[in-house]
Amino acid sequence: MLKSLYYIKNWMVRRLKSHNIVAIATANGYAGVGIIRISGIDALEIAYQLTHHKTFTPRLATYTKFYSSKGEVLDSGLVIYFKSPNSFTGEDIVELQGHGSPIALQMIVRRCLELGCHMAEPGEFSRRAYLNGKIDLVQAESIIDLIHAESEATAKGALKSLHGEFSRQINIINEQLIDLRMFVEATLDFPEEDIEFIANAKIRDKLTILVESMEKLLSNTTQGVLLNNGANIVIIGRPNVGKSSLLNALANEDIAIVTDIAGTTRDIVKEKIIINGIAFNIIDTAGIRDTTDIVEKIGIERAFNAANSADICLVLVDATIGVTASDTSMLSSAPATIPKIFVHNKVDLLDSTTPANENLGDTHIYISAKSGTGIDTLRTEILATIGFDSNNSDVFIARTRHLDAIRRSVEHIHLGFHHWNNLEILAEELRYAHNSLSEITGEFSSDDLLGEIFSRFCIGK
Ligand code: GDP
């Protein structure tokens, strides 16, 4: 299986070499400058014909005119040549910087097509970079995550992955896994009892270290996925408890974006706020809460359905009143598995005595959306509840695909640990764990997966 994937990769690399690609790399629209990229074995030759120049020095900008087949000037600008393998794709790349006129850029692209280029498919530059070993899959994916980042923290996380931090952590564990696999296989081949006895103790030690590293990687990746995808909060609260005020206080200076979920516009409102770089989709039950209990319950159920998988539920209550029967009734419609925080608002209206917890089993936070008391504590509690360590400044960006692969890998390692004294089973589980982990960086990845990942790119990337 792995062997055939290896052949597929080689075949694709060979096929790539046979054609040159071109695309406008800058965003579509009017701008000061527009950039076209050509990648492939004839990129330089195509640039010569386009500009009537006879030489370009690598990495040096040359001012030139771009000509049509009839010798008309299409535009003027800069040419920068990146000689293989020192380019983004690893192939010869020529970057043409013209004016940001969509028409002028298209005329140049058309000329490049006449000169033998193919229009690049979405993500084809990054795909070539991956196939030529310039970047791994995680790095390729982080390019897109960087482009689409909605907060500074997400952009920083994407850069960390792009610069190889995530891959580095995976590769360290991969090495531990390879080391352990070799040790287990060697012990299997020389089954004398004394050696096996010593070896088993060693294997246990190595497994313990491996499990620790994997748990750390799992936690970092979970945080990376939260940074990338955000989290869903459902807010439950009776009218006038201060829900809008709380949202404003939580969002701080960040803009709250209000979007309606299609088809449910009258019942459920979805807003987005950013807390310490994490985007939270807020799903609240506005609009249905003044109605009867039954309708309200349906609304709450719908709110949880809309959230698809809510990560956390805030139960907002008026601190001067406490948790009421109506709150308890609303809560009975919420899935039991979702972590809940009871938020007692308007503590500024209370006298100095701290109110007693309504229910010691749950988390209760006391705040004033008006004065700001307790808002920081609430932010920290929300982040901690979803598993995000706000003191960790090293979070790299990750995707659900990565998390799934790590979880599978962890599962196999745990199974292996369970059978640590049955070396054959252990060896098999370690092999599975290793394969799952290798999928992440793309060491062993199927063509389907590659197609799926790169098709989401924009053209010119
Ligand atoms: P919602 O209906 O749950 O969205 O509640 P609002 O945010 O609109 O607040 C309802 C009322 O409570 C408004 O008059 C707010 O000014 C007031 N309010 C909200 N939070 C606080 C608070 O922490 N302290 C006090 N004293 N009033 C608050």
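The values are calculated or read from the model by the stated rules, or taken from the named source; none is laboratory data. In this text, all values refer to a predicted model and were calculated from it rather than measured experimentally. For neighbour counting, all protein chains shown are included, and Cβ atoms are generated from backbone atoms with ideal geometry for every residue, glycine included. Note: areas computed on protein heavy atoms with side chains; ligands, DNA, RNA excluded. Shrake-Rupley method; radii C 1.70, N 1.55, O 1.52, S 1.80 Å.
Which parts of the range 140-172 would a label at Ala27 reach, counting a residue when its backbone N lies under 19 Å from a point 7 Å out along Cα-to-Cβ?
Counting only backbone N, you get 143-156, 158-159.
As a test question: what accessible area, to the nearest 10 Å², does His118 have when a 1.4 Å probe is rolled over all protein chains in place?
Taking all protein chains as shown, His118 has close to 90 Å².
Assuming R0 = 45 Å, what is the FRET efficiency of Asn422 and Ser455, from their Cβ-Cβ distance, to the nearest 0.05?
Working: r = 43 Å, r/R0 = 0.96.
Once the sixth-power term is evaluated, E becomes 0.55.
Mind scanning Lys160/Lys340; Lys340/Lys370; Lys156/Lys206; Lys272/Lys370 and naming the pairs with a C-alpha gap bigger than 24 Å? Present the calculation step by step, with values, prior to reporting the outcome.
On the way: Lys160/Lys340 32 Å; Lys340/Lys370 22 Å; Lys156/Lys206 34 Å; Lys272/Lys370 20 Å.
Distance filter (> 24 Å) returns Lys160/Lys340; Lys156/Lys206.
Express in Å², to the nearest 10, the accessible area of Asp179 obtained by rolling a 1.4 Å probe over the protein heavy atoms while all chains stay in place.
The value for Asp179 is about 70 Å².
Which order do Lys216, Lys160, Lys134, Lys243 take when ranked by solvent-accessible area (1.4 Å probe, heavy atoms of all protein chains), largest first?
Values: Lys216 120, Lys160 60, Lys134 85, Lys243 25 Å².
Output order, biggest surface exposure first: Lys216, Lys134, Lys160, Lys243.
For the residue pair Arg431 and Leu60, what label-to-label distance in nm results when each label sits 7 Å from Cα along the Cα-to-beta-carbon direction?
A separation of 5.6 nm, rounded to one decimal place.
Nothing charged except the Cβ atoms of Lys and Arg (+1) and of Asp and Glu (-1): what's the magnitude of the dipole of the range 3-136 about its Cα centre? Round to the nearest 20 debye.
Details: 16 positive and 11 negative charges, 81 e Å.
Here the range 3-136 has a charge dipole of around 380 debye.
Whenever you get a sec, line up Leu247, Leu218 from highest to lowest accessible area (probe 1.4 Å, protein heavy atoms). Spell out each step's value before the answer.
Numbers: Leu247 10, Leu218 35 Å².
Correct descending sequence by accessible area is Leu218, Leu247.
Say a paramagnetic label sat at a point 7 Å from the Cα of Ile178, along Cα to Cβ; which residues of the range 133-153 have their backbone N under 13 Å from it?
none
At 0.36 nm per residue, minus the direct Cα-Cα distance, what do Ala336 and Ile209 gain on full extension? Give it in nm, one decimal, please. Write out the running numbers ahead of the final one.
Details: separation 127, 0.36 × 127 = 45.72 nm, distance 3.47 nm.
Extending this stretch completely gives an extra 42.2 nm.
How much accessible surface does His418 have with a 1.4 Å probe, in Å² rounded to 10?
Around 140 Å² of this residue is reachable by solvent.
Under the 0.36 nm per residue contour assumption, what length would be gained going from the current alpha-carbon distance of Ser76 and Gln49 to full extension? Walk me through the numbers before you get to the answer.
On the way: separation 27, 0.36 × 27 = 9.72 nm, distance 1.44 nm.
Here the segment from Ser76 to Gln49 would lengthen by 8.3 nm.
Would you please classify the overall shape of the range 3-136 from the alpha carbon gyration tensor, given that a ≥ b ≥ c denote the square roots of the eigenvalues, rounded means a/c under 1.5, and beyond that prolate means a/b larger than b/c while oblate covers the rest?
Details: a/c = 1.98, a/b = 1.79, b/c = 1.11.
Prolate.
Could you work out how far apart the two model spin labels at Asn200 and Glu114 are, taking each label as a point 7 Å from the Cα in the direction of the beta carbon, and quote it in nm?
Going by the 7 Å Cα→Cβ label model, 7.8 nm.
Between Glu121 and Ser371, what is the spin-label point distance in nm, taking each point 7 Å from the Cα along the Cα→C-beta axis?
6.3 nm
Amide H to amide H under 5 Å from Ile135: which residues, 5+ apart in sequence or cross-chain, H placed 1.01 Å off N in plane?
Tyr130
For the range 3-136: lysine pairs with Cα atoms under 25 Å, gap of 8 or more or different chains, count?
Qualifying lysine pairs in the range 3-136: 13.
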